[in-house]
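Step one of this worksheet: look at the structure below.
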Amino acid sequence: MEIQKQIRKLGDPVRAKQAQRFFKTGKGEYAEGDIFLGISVPEIRKLTKPFQDLSLTNLQKLTKSKYHEERLAGLILLVHKYESAPSESEKEQVFKTYVGLFPYINNWDLVDVSCHRVVGAHLENRSRKRLYAWAKSEDLWIRRISMVSTLWFIRKGDLEDAFSIARIHLNDEHDLMHKAVGWMLRECGKKDLKKLENFLDSWSSKMPRTSLRYSIEKMSERKRKFYLTKDKN
């Protein structure tokens, strides 16, 4: 496809090596085997603009690419496709396409750039049961999708699912889930600090340290110290 030709022209081997280290693509790491071309996110966003009319079939092909930046471009375009869809039936089709691409949404940046704007947006006025099922997945990236998708609800002032799904993830062993949980809790606190404090009063002593530190970043120094030492008092 033409978009792939243009993406590959921008490749930078030096930046590609840096990205592969940053995104942990080595043996046994969370993104083992992922291949980067070495292109920045702003460059990818700019490059996608003339291709916003690509068909869902072509977006599926793009998002299944072995190259990370091509998958990123596909997901950016899928978000646009969802947000610009003129009917609920077309939004449903894009949503189903996105869910079908879960095996290729396989790094934290790919999750974070897209899931709340497709999954979160689509489930705003629908049943959210599937988020709870995904929260128990063995797949790290599906678990992260379950958490980060709640960002859409949080920004609308709807916090309950974020807190509930965060509780499911408190025993998750992966650092990338600890960060995702802490991030969403911090976002909840921006909307309703008291609700975040109520959550932390019950759960801070059981939370991974990373989740706790992320969640309290915007609090006063006194409050941060209180929660960081709460389980020691």
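The values are calculated or read from the model by the stated rules, or taken from the named source; none is laboratory data. Worth saying up front: this structure is predicted, and the values here are computed from it rather than measured. Neighbour counts run over all protein chains shown; Cβ positions are idealised from the backbone, glycine included.
Pairing each residue of the range 40-51 that is more than 16 Å from Leu110 (Cβ to Cβ) and in the same structural domain as Ala73 (by TED's automatic domain parsing) with any residue that is polar (S, T, N, Q) and surrounded by 13 or more Cβ atoms within 10 Å (Cβ to Cβ), provided the two are 6+ apart or on different chains, yields C-beta distances under 9 Å for Leu47/Gln6; Pro50/Gln6; Phe51/Gln6; Phe51/Asn58. Once the range 1-21 is narrowed to residues that are small (Gly, Ala, Ser) and farther than 14 Å from Ser65 by Cβ, the residue that is nearest to the chain's Cα centre (by Cα) is Ala19. Applying the criterion of at least 3 residues that are farther than 30 Å from Lys91 by Cα to the helices (runs of 4 or more DSSP H) found wholly in the range 1-61 leaves 13-22.
There is at least one residue in the range 94-107 that is closer than 24 Å to Arg155 by Cα and polar (S, T, N, Q). One residue stands out among those in the range 22-41 that are more than 13 Å from His68 (Cβ to Cβ) and more than 19 Å from the chain's Cα centre (by Cα): the one that is surrounded by the most Cβ atoms within 10 Å (Cβ to Cβ), which is Gly26. From the list Leu123, Leu72, Leu176, the lone residue that is more than 20 Å from Leu196 (Cβ to Cβ), touching a residue at least 60 places away in the same chain (Cβ under 8 Å) and aliphatic (A, V, I, L, M) is Leu176. Among the listed residues Lys129, Lys136, which satisfies the condition of being of a type in the set (Lys, Arg), within 13 Å of Met177 (Cα to Cα) and more than 14 Å from the chain's Cα centre (by Cα)? Just a single option satisfies the conditions, and that option is Lys136. Among residues of the range 146-200 being surrounded by 23 or more Cβ atoms within 10 Å (Cβ to Cβ) and part of a loop (DSSP other than H, G, I, E, B), the one that is nearest to the chain's Cα centre (by Cα) is Ser149. Among the candidates Lys96, Lys66, single out the residue that is out of contact with any helix residue (DSSP H, G or I) (no Cβ under 9 Å at 6 or more places or on another chain), within 23 Å of Ala31 (Cβ to Cβ) and among the charged types (D, E, K, R). Going through Lys96, Lys66 in turn, the sole match is Lys66. Of all residues in the range 158-188, those satisfying the criterion of being closer than 17 Å to His116 by Cβ and of a type outside the set (A, V, I, L, M) are Asp158, Glu160, Asp161, Phe163, Ser164, His169, Lys179, Gly182, Trp183, Arg186, Glu187, Cys188.
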